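Asker: Dropping a structure here in structure tokens format, bear with me for questions.
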Amino acid sequence: MKLLRIRTAMTWLALTALAAAVGRSQAVVEGRVALPKPAHAPVLNQRYTIVSHAGVLSPYPPLAVVYLEGAFPPAAAPAVAQMVQKDLNFLPAVLPVRVGTRVEFPNLDDTYHNIFSYSAAKRFDLGRYRGDERPIPSEVFDTAGMVTLRCDIHEHMRAIILVLATPHFVLSDPAGAYRLEGLPAGRYLLKAWLDSRTTLERPVELADGATLRADFP
Amino acid sequence: MKAPAAPPPREVASFRRRLLLAMMLVVGAAAVALLLFTQRNMAASARLELEREFQTSLAALHAAQQVRHASLAERSRALARRSRIHAALEDGAPDLLYPSARDELADLAGPEEGAPREAAPPGLRARYYRFLDAKGQVIPAPNRRDAGDLAPAEEARLSLSVLPGRPQTGYLLRDDGAGDPAVDELILTPIVSTETGETIAAIVLGFPVPPARVGGDAALAGGVMLDGVLYLPTLAAVPRADLQRELKPRIAAAGDRGRFEFDAPGGPYLVFFQQLNPGSAYPAAFEVAVDSLAASVGRQHRLAWEFCGVGILVLAGGFLASQTLARRLAVPVERLAVDSEANRAHWHRAEAALETTSRELQRSARFSADASHQLKTPVTVLRAGLEGLLAGQELGPEAREEVAGLVHQTFRLASVIEDLLLLSRLDAGRLQIQFSRLDLAPVLAALVDDLGALPDHFDLEVLTDLPPTLWVTGERGYLTLVLENLLENARKYNHPHGRVAVAAFEEGEWAVVGIGNTGPAIPAEAGEHIFERFHRGAVGENVPGHGIGLNLARELARLHGGDVRLVRSGPDWTDFELRLRRAPAGEPPAP
């Protein structure tokens with residue numbers, strides 16, 4: 001857990017440094033995504049899971065991934081992210097990454113896991129492995145799209161890796177509020193991913209130093 | 001009595017024959033009935049036992065099949081839940097469907113080539129598998145070798161018009177490659193989307209049906225009837241073809257289950273059929289269990305022969321026993337027959353003798369009667385003549401004395417004739433006693449008086465001891481005659497100046513008159529003969545008499561229910577006794 005935090009912090013640090021290097025003047029987008037009402041009252045610190053409903057995979061409690069689509073320079077160094085298996089669940093349930101990111105799949109359970117995906121964006125099969133497997137099994141996701149993760153051993157385990165062609169993305173909080181910082185000025189398409197079938201979008205024009213308010217919908 | 005060497009009469013022989021026949025019939029019928037009953041009973045119980053055995057075997061077979069089926073179904077269900085298959089179907093990777101399933105099916109479908117992992121039992125190893133799409137149609141397998149080989153026509157039969165939401169069982173008759181039919185059990189398991197909850201596909205697994213043989217010596221063979229074709233490899237070809245023909249209409253008529261007996265080469269068979277997949281979307285298949293009754297029928301035949309043997313033995317024994325028994329039973333009857341034969345001869349002889357005697361007796365009686373009558377008349381005439389002479393004056397006193405003596409002799413003659421007449425009537429049984437109540441005492445007193453008053457040369461002293469009354473029953477005339485005769489004898493066989501003692505008394509129910517007299521003794525050897533007719537004692541040679549007095553007295557006394565007997569006879573004293581039935585004094589006369 002500690003490791004995860006450190007790595008996440010490092011990633012954010014790197015991104016912030018990158019943004020600072022590109023230009024001092026940066027735009028901010030913030031707003032709120034109208035999330036579907038949860039079926040029952042949200043529980044504090046509730047673990048997110050992927051549920052399927054009428055053929056639609058969505059995180060539960062509802063959550064949105066907001067990202068800025070546009071032409072961005074390629075990443076200087078390949079990014080690394082982690083999808084942890086713990087207590088026979090994936091953590092996080094939804095992991096947005098930029099194309100080209102290596103995602104590690106550490107097994108923190110005492111049992112075997114066999115992570116695989118048949119999704120068109122990335123087909124892979126890590127095979128059966130335990131927590132002491134070194135190096136940590138990992139895959140590079142170099143095609144944008146939604147990847148459904150499954151465990152061959154534990155049929156209920158499900159997670160989504162959202163491979164995005166942009167470095168600018170953020171997860172909303174449970175209430176749907178988001179804030180994207182360090183954005184370059186210009187015209188873009190702002191998108192909000194809600195579930196496997198639903199991605200909202202709206203064009204935005206960002207100005208340096210300005211904070212844009214953009215709500216969905 | 002018994003005629004030992006004489007052959008039994010014809011009736012006896014025929015009786016023995018009939019008895020023997022009847023006993024043999026009874027024994028035979030009983031033995032046959034018993035044997036038939038026992039045989040039928042045993043046959044029925046053998047049948048029942050066989051049936052029970054068959055049902056038990058069948059139940060065992062079914063239990064094994066159920067376990068197998070449940071195991072296969074459970075594994076199929078587990079398979080249908082597998083993530084890879086769901087991933088292939090739901091995450092849009094149809095190309096990965098069969099390959100991923102092949103991996104999953106590895107243990108179900110059989111060991112991998114080369115190195116068998118864990119050898120599943122042959123019946124638990126799938127021969128092939130196919131996926132059906134949401135419309136129930138087979139999703140073609142990209143690589144037939146992975147999914148198990150199946151001819152296109154056979155593959156097409158896995159398809160269903162509608163994808164069922166529940167597991168289905170079916171059977172597929174296919175060519176095993178060598179031209180022989182083989183039956184596979186199909187287990188269809190629907191695959192339900194974890195996303196939508198809908199049935200999105202199905203997996204069909206084909207397992208070979210192992211030929212079932214239960215019951216040790218292959219008595220029970222199990223197979224499958226599908227689309228009118230019987231798959232029963234353990235049964236020989238000839239009865240199988242016949243059975244297939246036989247089964248079709250029966251299945252059509254009976255529905256989902258039934259049983260019947262079936263005769264074909266190799267012995268009669270007991271056949272049981274039952275639908276294996278009732279309610280299935282696949283064509284109806286029937287389980288067919290066949291049990292050969294040949295062994296049982298053979299056993300029954302053997303049993304029947306044994307019964308026949310035992311029956312013959314029992315019959316023979318029974319006949320022997322009945323023969324012996326009949327002979328023994330007939331023995332007393334034969335003896336009786338022989339005895340009765342001898343008896344009859346005796347009887348005939350006695351009857352003849354009796355006849356002769358009776359005839360002679362009658363003749364003699366008639367003679368006596370005739371003679372008496374014939375004699376009476378001349379005696380009367382004689383007496384009348386003599387009395388006429390006496391009455392006349394022609395005779396001198398001397399002659400008169402002579403004639404008087406002659407008249408007296410006529411009286412004696414008449415008396416003898418009278419006695420003879422009486423005797424003859426007695427002998428002829430024509431004498432009827434008119435019984436009446438009678439006091440003998442005065443009669444006796446009168447007779448004793450007469451005795452003492454008789455004017456003769458004896459000059460007897462008469463002693464009497466008489467009661468005032470002596471009631472008896474009888475006829476006065478005859479009893480008087482009896483007493484007269486006895487007193488006459490006491491007088492006749494006396495000597496001059498002798499004594500006569502007459503005593504009368506009652507003794508119990510008897511009235512007894514004792515008459516004793518002096519005189520020569522009656523010899524002991526003559527004791528009983530003195531009562532015979534015309535017998536006269538040696539002593540009486542010079543005594544007048546005819547030898548009928550005592551005889552007449554006894555006969556008459558006996559007719560009255562009494563008797564006359566000689567009490568004793570010693571030197572110079574002889575005692576006679578008359579016993580008569582006493583009539584109670586003072587009572588009215590007996591009838």
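The values are calculated or read from the model by the stated rules, or taken from the named source; none is laboratory data. Everything quoted here is computed from the prediction, not taken from an experiment. In this analysis, Cβ positions are derived from the backbone assuming ideal geometry, glycine residues included, and neighbour counts consider all displayed protein chains. To get the accessible areas, we keep the full protein, side chains included, count just its heavy atoms, and leave off ligands, DNA and RNA. Shrake-Rupley method; radii C 1.70, N 1.55, O 1.52, S 1.80 Å.
Asker: Can you list, bin by bin at 20 Å, the percent of alpha carbon pairs in chain B, starting at 0?
Answerer: 14, 22, 11, 9, 8, 9, 12, 12, 4, 1
Asker: What are the ³J(HN,Hα) values, in whole Hz, obtained from phi via the Karplus relation 6.51 cos²θ - 1.76 cosθ + 1.60 with θ = phi - 60°, for each residue of the range B:498-512 in sequence order, with x given for Gly and Pro?
Answerer: x, 10, 10, 10, 10, 10, 9, 7, 9, 9, x, 8, 9, 9, 10
Asker: Per-residue Cβ counts within 10 Å, from other chains only, averaged over B:86-92: what number is that? Before the final figure, lay out each step's value.
Answerer: On the way: counts 3, 12, 1, 1, 7, 13, 4.
Per-residue shielding by partner chains comes out at 6.
Asker: Using packing as a proxy for protection, rank B:519-531, B:76-88 so that the peptide with the highest average count of other Cβ atoms within 10 Å comes first.
Answerer: Working: B:519-531: 15.0, B:76-88: 20.2.
So the peptides B:519-531, B:76-88, ranked by packing, come out B:76-88, B:519-531.
Asker: Estimate the FRET efficiency between residue B:227 and residue A:211 by the formula 1/(1 + (r/R0)^6), using the beta-carbon distance for r and 51 Å for R0, to the nearest 0.05.
Answerer: On the way: r = 77 Å, r/R0 = 1.50.
Once rounded, the FRET efficiency stands at 0.10.
Asker: Of the listed peptides B:459-470, A:60-71, what is their order by residue-averaged count of other C-beta atoms within 10 Å, with the highest listed first?
Answerer: On the way: B:459-470: 14.4, A:60-71: 20.9.
Packing proxy ranking, top to bottom: A:60-71, B:459-470.
Asker: I'd like the Karplus ³J(HN,Hα) series for the range A:184-196: coefficients 6.51, -1.76, 1.60, θ = phi - 60°, whole numbers in Hz, and an x wherever there's a Gly or Pro.
Answerer: Per-residue couplings from phi come out as x, 6, x, 9, 9, 10, 8, 10, 10, 8, 10, 7, 5 Hz.
Asker: Quote the FRET efficiency, to the nearest 0.05, computed for residue B:532 versus residue B:391 with a Förster distance R0 of 41 Å and r equal to the Cβ-Cβ distance.
Answerer: Working: r = 42 Å, r/R0 = 1.03.
Rounded to the nearest 0.05, the efficiency is 0.45.
Asker: Still on this structure, please answer the following. Can you list residues from other chains, or at least 5 along the same chain, whose modelled amide H is less than 5 Å from the amide H of residue B:285?
Answerer: Sorted by chain and number, the residues that satisfy this are B:276, B:277.
Asker: Let me ask something additional. Across peptide A:116-124, what mean number of C-beta atoms from other chains lies inside 10 Å of a residue's C-beta?
Answerer: Values: counts 6, 3, 16, 5, 3, 1, 0, 5, 0.
Averaged over the peptide's residues, the number is 4.
Asker: Using a 1.4 angstrom probe on the protein heavy atoms only, line up B:225, B:42, B:23 by accessible area, largest first.
Answerer: My answer, sorted largest first, is B:42, B:23, B:225.
Asker: Hey, another quick one. Could you please state, rounded to a whole Å, how far the C-alpha centre of the range B:298-370 is from the C-alpha centre of the range B:51-67?
Answerer: 69
Asker: Using only the Cα atoms of the protein assembly as shown, what do you get for the radius of gyration and for Dmax, in Å?
Answerer: Just the Cα atoms of the protein assembly as shown yield Rg and Dmax of 74.9, 237 Å.
Asker: Could you pull the accessible area for residue B:471 with a 1.4 Å probe, rounded to 10 Å²?
Answerer: 60
Asker: Please compute the modelled spin-label separation between residue A:108 and residue B:453, points set 7 Å along Cα→Cβ, answer in nm with one decimal.
Answerer: Reported label-point gap for residue B:453 and residue A:108 is 18.2 nm.
Asker: Further, regarding this structure: Using the alpha carbon gyration tensor of the range B:432-581, what are the three equivalent-ellipsoid semi-axes (square root of 5 times each eigenvalue), largest first, in whole Å? Walk me through the numbers on the way to the answer.
Answerer: Values: eigenvalues 110, 64, 38 Å².
The equivalent ellipsoid of the range B:432-581 has semi-axes of 23, 18, 14 Å.
Asker: Residues with amide H under 5 Å of residue A:159's amide H, sequence separation 5 or more or different chain, H placed in the peptide plane at 1.01 Å from N; which?
Answerer: A:149
Asker: A follow-up question, please. Accessible surface of residue B:577 in the full protein assembly, 1.4 angstrom probe, to the nearest 10 Å²?
Answerer: Surface open to solvent at residue B:577 totals about 20 Å².
Asker: Give me the 1.4 Å probe accessible area per residue for the protein assembly as shown, excluding ligands and nucleic acids, in Å².
Answerer: On the way: 43320 Å² over 808 residues.
Solvent-accessible surface per residue comes out at 54 Å².
Asker: Contour minus end-to-end for residue B:445 and residue B:259, with contour as 0.36 nm per residue of separation and end-to-end as the Cα-Cα distance? Walk me through the numbers before you get to the answer.
Answerer: Details: separation 186, 0.36 × 186 = 66.96 nm, distance 12.26 nm.
Computed gain between residue B:445 and residue B:259 is 54.7 nm.
Asker: What nm value, rounded to one decimal, do you get for the distance between residue B:48 and residue B:319 when each label is placed 7 Å out toward the C-beta?
Answerer: That separation, rounded to one decimal, is 3.5 nm.
Asker: In terms of modelled amide H atoms, which long-range or inter-chain residues lie less than 5 Å from the amide H of residue A:113?
Answerer: It is A:129, by chain and number.
Asker: Taking only Cα atoms of the range B:194-351, what ratio of Rg to Rh do you get with Rh as the Kirkwood inverse-distance radius?
Answerer: Values: Rg = 34.9 Å, Rh = 22.0 Å.
Using Cα coordinates only, the ratio equals 1.59.
Asker: Continuing with the same structure: Modelled label-to-label distance, residue A:199 and residue A:144, 7 Å Cα→beta-carbon offset: nm?
Answerer: So the two model labels end up 0.7 nm from each other.
Asker: Could you calculate the FRET efficiency of residue B:55 with residue B:304 from 1/(1 + (r/R0)^6), where r is the beta carbon distance between them and R0 is 30 Å, rounded to 0.05? Provide the component values of the computation, followed by the final result.
Answerer: Numbers: r = 25 Å, r/R0 = 0.83.
Efficiency at R0 = 30 Å is approximately 0.75.
Asker: Right, here's the next one. Looking only at other chains, what is the average number of their beta-carbon atoms within 10 angstrom of each beta-carbon in A:171-179?
Answerer: On the way: counts 0, 0, 0, 0, 0, 0, 0, 0, 0.
Partner-chain Cβ atoms within 10 Å, mean over residues of A:171-179: 0.
Asker: When the helices in chain B are scored as -39500 (n - 2.57) per DSSP H run of 4 or longer and the sum is shared across all residues, what 222 nm value do you end up with, to the nearest 500 deg cm²/dmol?
Answerer: On the way: 11 runs with 291 residues, N = 591.
Dividing the helical sum by the residues of chain B leaves -17500 deg cm²/dmol.
Asker: Quick check: convex hull over the Cα atoms of the range B:345-423, volume per residue in Å³, rounded to an integer?
Answerer: Working: hull volume 5.5 nm³, N = 79.
Convex hull of Cα atoms, per residue: 70 Å³.
Asker: Which one, B:367, B:411, B:391, is farthest towards the positive end of the dipole of the range B:345-423 when Lys and Arg carry +1 and Asp and Glu -1 on their Cβ?
Answerer: Looking along the dipole axis, the top candidate is B:367.
Asker: To continue, here is another question. Which order do you get for A:151, B:308 if you rank them by accessible area with a 1.4 Å probe, largest at the top?
Answerer: Numbers: A:151 0, B:308 70 Å².
Largest to smallest exposure gives the sequence B:308, A:151.
Asker: Ordered by packing density, taken as the mean number of other Cβ atoms within 10 Å over each peptide's residues, highest first, how do A:167-174, B:50-57 rank?
Answerer: Numbers: A:167-174: 18.6, B:50-57: 15.9.
Highest mean packing first, the order is A:167-174, B:50-57.
Asker: Something else now. Which residues among the range B:301-338 fall inside the zone where the amide N is under 17 Å from a point 7 Å beyond the Cα of residue B:25, along Cα→Cβ?
Answerer: Within reach of a label on residue B:25: B:319, B:322-323, B:326.
Asker: How large is ³J(HN,Hα), in whole Hz, for each residue of the range B:333-341 in order, when computed from phi with the Karplus curve 6.51 cos²θ - 1.76 cosθ + 1.60 and θ = phi - 60°, using x for Gly and Pro?
Answerer: Taking θ as phi minus 60°, the curve returns 5, 5, 4, 4, 5, 4, 4, 5, 5 Hz for the range B:333-341.
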